[in-house]
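Worksheet for the structure shown next.
Coordinate-derived values only; no laboratory data. A quick note: this is a predicted structure, and the numbers were derived from the prediction, not measured. Virtual Cβ from ideal backbone geometry, glycine too; neighbours counted across all protein chains shown.
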Amino acid sequence: MKKLFFTLLFFGFCFMLSAQTEPKVGDELVINAQDGASYNYIKFPKLNILSKRGKVANYKSVHGNTVVVDEVITDKNNNTYVILKKKDGSKFFGFVSEVKANYDKSIAAGEMATKA
């Protein structure tokens, strides 16, 4: 009986942990500074596109931005993608209103963080 109780407690704890990692529409996230040259799991425009548009070719303008989850998409491989918009309503780099990101991988890589 004791083993059954601890087994159920363990499964309940695992279920609660997995339920908290799913994004919902309206969740707020923060875009962190990236160590490398580009973001791997957030689909920002490439640097050459930014320079062609007359913008400075770096991603420093998005560091620390608060974004809101506008849409949650789960594909057939159980990858969770989110559509992100800036909280203040402005556009990324002055011309992109929303970006797509792989939620689980970008959180794990440190590109995004949940707002505490």
Legend entry - Hz values of 3J(HN,Hα) by residue in segment 97-102 - Karplus curve (6.51, -1.76, 1.60), Gly and Pro given as x: 7, 8, 10, 9, 9, 7
Legend entry - In order through segment 46-62: 3J(HN,Hα) via Karplus (6.51 cos²θ - 1.76 cosθ + 1.60), integer Hz, x for Gly, Pro: 5, 4, 5, 5, 4, 5, 5, 7, x, 9, 6, 7, 7, 9, 5, 6, 9
Legend entry - DSSP-assigned coil residues among trypsin sites (Lys or Arg not before Pro) in segment 52-83, each with at most 10 further Cβ atoms within 10 Å: 76
Inset, instruction - Within 10 Å, count the other beta carbons around each residue, average over each peptide in 96-107, 32-43, and list them highest first. - result: 96-107, 32-43
Inset, instruction - Could you list, in their original order, any pairs among 24/46; 24/60; 46/87; 86/115 whose Cα atoms are separated by more than 20 Å? - result: 24/46; 24/60; 46/87
Legend entry - J(HN,Hα) series, segment 77-89, from Karplus relation 6.51 cos²θ - 1.76 cosθ + 1.60, nearest Hz, glycine and proline x: 8, 6, 7, 9, 10, 10, 9, 10, 10, 5, 5, 7, x
Inset, instruction - With label points built 7 Å along Cα→Cβ from the Cα atoms of residue 27 and residue 55, find their separation and express it in nm. - result: 2.5
